[in-house]
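Every read-out reported here was derived from the displayed coordinates using simple, explicitly stated rules and does not represent laboratory data. The structure presented is a predicted model; accordingly, all values stated were derived computationally and were not measured. Cβ: placed from backbone, ideal geometry, glycine included. Neighbour counts: every protein chain shown.
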């Protein structure tokens, strides 16, 4: 499993319901002015908050984040700076709809928090991938002299598991290698 697939799985496992709720509100009938909410309805901002949303739309456009892509892993991470700017702008500008303004700030604050988690997870997933590659090379070099249950193999298994690698993934790497045995024949861990 690659790093991005790993992060997507973690993301879905952890945030699927929360993101669906945020997306439903964003895509729903709740709109404000010309630019707040999904889509644009006119050309000139209605108030300060709407101007913030206009700037946010432009920042998303510059980052190539579409309305659909804003809800995936890359959209959260790539949109983080624009989301922070929207929160700051929305908090310091006027609005004709204070309830919408508060909800908008809360939702984009949650998006920033999720993006920060995703950045951490992305780094962790990259580290897991690097360590699994290292383990694969180590197994290839040392397998002929190791037993499948050797303590070195077990230590690697525990280390990778501690990083967050799935046991099946580790077992798959081990199963792909033929180990030497006391009986003089090769044994593969299945």
Proxy exposure order for 107, 70 (fewest C-beta within 10 Å first) is 107, 70
Using alpha-carbon coordinates, inclination of helix 98-142 to the longest axis of the chain, degrees: 20 degrees
Per DSSP H run of n ≥ 4, the term is -39500 (n - 2.57); total these for the chain, divide by its residue number, and report the mean residue ellipticity at 222 nm rounded to 500 deg cm²/dmol. -22000 deg cm²/dmol
Going by alpha carbons, how many degrees (0 to 90, nearest 10) lie between the helix axis of 48-62 and the longest principal axis of the chain? 40 degrees
By per-residue mean of other Cβ atoms within 10 Å, what is the highest-first order of 12-18, 108-114? 108-114, 12-18
Once normalised by the length of the chain, the mean sequence separation of its alpha carbon contacts under 8 Å that are 6 or more apart gives a contact order in percent of 18 percent
FRET efficiency, 1/(1 + (r/R0)^6) with R0 30 Å, evaluated for residue 120 and residue 27 via beta carbons: 0.60
To make sure I understand, if each residue's beta carbon is the centre and we count other beta carbons within 10 Å, what order do 146, 86 fall in, fewest to most? 146, 86
56, 103 arranged by Cβ crowding within 10 Å, fewest neighbours leading: 103, 56
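Roughly speaking, what is the stretch gain from residue 163 to residue 137, that is 0.36 nm per residue apart minus the C-alpha to C-alpha distance, in nm to one decimal?
Between residue 163 and residue 137, full extension yields an extra 7.6 nm.
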